[in-house]
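Comments concern the structure below.
Nothing in this text is a laboratory measurement; each read-out follows from the coordinates by a stated rule. Since the structure is predicted, the reported quantities are computational estimates derived from the model, not experimental observations. Neighbour counts run over all protein chains shown; Cβ positions are idealised from the backbone, glycine included.
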Ligand code: MN
Ligand code: MN
């Protein structure tokens, strides 16, 4: 990394690759660590999309944001909250210019891969005298990573009386946790050793320990252990087994984010993908006052299962939310104006990219791979096998964003997800692009993506926040 004096011409014509940490002084480092402390607090409180929405709404209200229902009319500088079905949302600051002339969006997703309970989760295995939960995983996980780690249950159960009851078990030190028990190595050679890695644990084998003590008092009960678990759920929450059918209960790592490395340069935690962009874009929009262009931070759900469903980036919420702003801004609102506004939108699709792995470098094409600690990653296209299903940002828009970052001294790097034909991935970008907006993928690189404990460099977290701030603030992009 040392910066030897090279050829002047080389300096002028070549891309420079170096750690962003090199350009930071002691004061800068302090700000970076402080920002990461705030981020870790957020990450430890927000492990589901619902919790993230509740947190962001509460924090935004403290900073002068109001729900759109509280406005009869909007004017420049107004700060608006729009929530969609408790699972995705938008925060907007009204700009001085007409919405049709364009607006700025940073779009992230706030769902993360996890293990959901099935709707009929609880059963008793008489052979082993255990009550267990059956699960159905959510998003692209390597299933073997989720065994033998403490898990917490988060979610909501809608009871027969219609009341929705929030549940969090496993986060308080006094709470019990849950675990998917893996087979001991002594007996694994045939049962698991001959399987392919991804099948080490199969979907139906992600079975969670739920309880063990039979309810002795119920002498005639056939399944006393299961009944005991049901009774505990009934005593505490008033649930019956049928109530769990109208529920969203999910298992997430019961671990708190921690500093990683002797130099505390990284943050390890559950849900960097993509709450790292959710949080940093949230911090960026909080600082916006009287912007030139209306600025909106979107926080979508369901990205990890393909952006499908009514709280995803494909839902009509995007159109409805921008339309609602326009109706309150323009006395004679016409639908075509909404379409024009959407067409003139500039968007950063804020999502994480893959940092080059220190051991498995072969999956990356090192010349076009991201490194953690080298700044926010611009990614022109994703997709797989010949850019299939990719959003492909235009050269012109790449040029505008590149100049924006250079002008504002935001460290950035260019990367693709991996080698051509190695695999691939997508973000919300292609769904927003359908509204004719300009959009490019732009977020920090992480290691161990989709694992229970993902890794990000603190400087990239901070630089993401700086990049999104610059994008909202800059008048001429
Ligand atoms: Mn993502
Ligand atoms: Mn993901």
message: Among DSSP bridges having both ends in the chain, what percentage is antiparallel? Round to the nearest 5.
response: 70 percent
- prompt: What's the angle, to the nearest 10 degrees (0 to 90), between helix 458-473's Cα axis and the longest principal axis of the chain?
  reply: 50 degrees
message: I'd like to compare 219-225, 429-435: which one has the highest average count of other Cβ atoms within 10 Å, and what's the full order after that?
response: 429-435, 219-225
- request: Could you rank the peptides 437-447, 247-257 by their average count of other C-beta atoms within 10 Å per residue, with the highest value first?
  value: 437-447, 247-257
- prompt: Which shape class applies to segment 250-335: rounded if a/c is under 1.5, otherwise prolate when a/b exceeds b/c and oblate if not, where a ≥ b ≥ c are the square roots of the Cα gyration tensor eigenvalues?
  reply: oblate
query: Nearest 10 degrees, 0 to 90: what angle lies between the long axis of helix 317-329 and the longest principal axis of the chain (Cα atoms)?
result: 50 degrees
task: Using a 10 Å cut-off on Cβ atoms, rank the peptides 279-285, 259-265, 79-85, 349-355 from the highest mean neighbour count down.
output: 349-355, 279-285, 79-85, 259-265
message: Which of rounded, prolate or oblate describes segment 1-122 when judged by the alpha-carbon gyration tensor and an a/c cut-off of 1.5?
response: oblate
field: Sites residue 118 and residue 13, calculated FRET efficiency, Cβ-Cβ separation with R0 56 Å, nearest 0.05
entry: 0.45
task: Using only Cα atoms, find the angle between the long axis of helix 395-407 and the longest principal axis of the chain, and express it within 0 to 90 degrees, rounded to the nearest 10.
output: 80 degrees
task: Sketch the reach of a paramagnetic label on residue 240 as a point 7 Å from Cα along Cα-to-Cβ, and name the residues of segment 151-183 whose backbone nitrogen lies under 18 Å away.
output: 157-165
- prompt: Exposure proxy check: 17, 450, 357, 228 ranked by fewest other beta carbons within 10 Å?
  reply: 17, 357, 450, 228
task: May I ask you to derive the relative contact order of segment 211-341, considering only C-alpha pairs under 8 Å and at least 6 residues apart, and to give it as an integer percent?
output: 8 percent
- line: Per the helix-only model, the chain has a calculated mean residue ellipticity at 222 nm (DSSP H runs of ≥4, -39500 (n - 2.57) each, divided over all residues, rounded to the nearest 500) of -8500 deg cm²/dmol
field: Nitroxide proxy distance, nm - points 7 Å out along Cα→Cβ at residue 403 and residue 184
entry: 6.7 nm
query: If one computes the Cα centroid of segment 125-145 and of segment 1-79, what distance in Å separates the two points?
result: 36 Å
Segment 237-290 and segment 412-444: distance between their alpha carbon centers, rounded to Å: 22 Å
Three-way shape label, the chain, alpha-carbon gyration tensor, a/c 1.5: oblate
query: Can you give the relative contact order of the chain as a percent, counting alpha carbon pairs under 8 Å and 6+ residues apart?
result: 21 percent
- prompt: If we count other beta carbons within 10 Å of each Cβ, what is the order of 166, 235, fewest first?
  reply: 235, 166
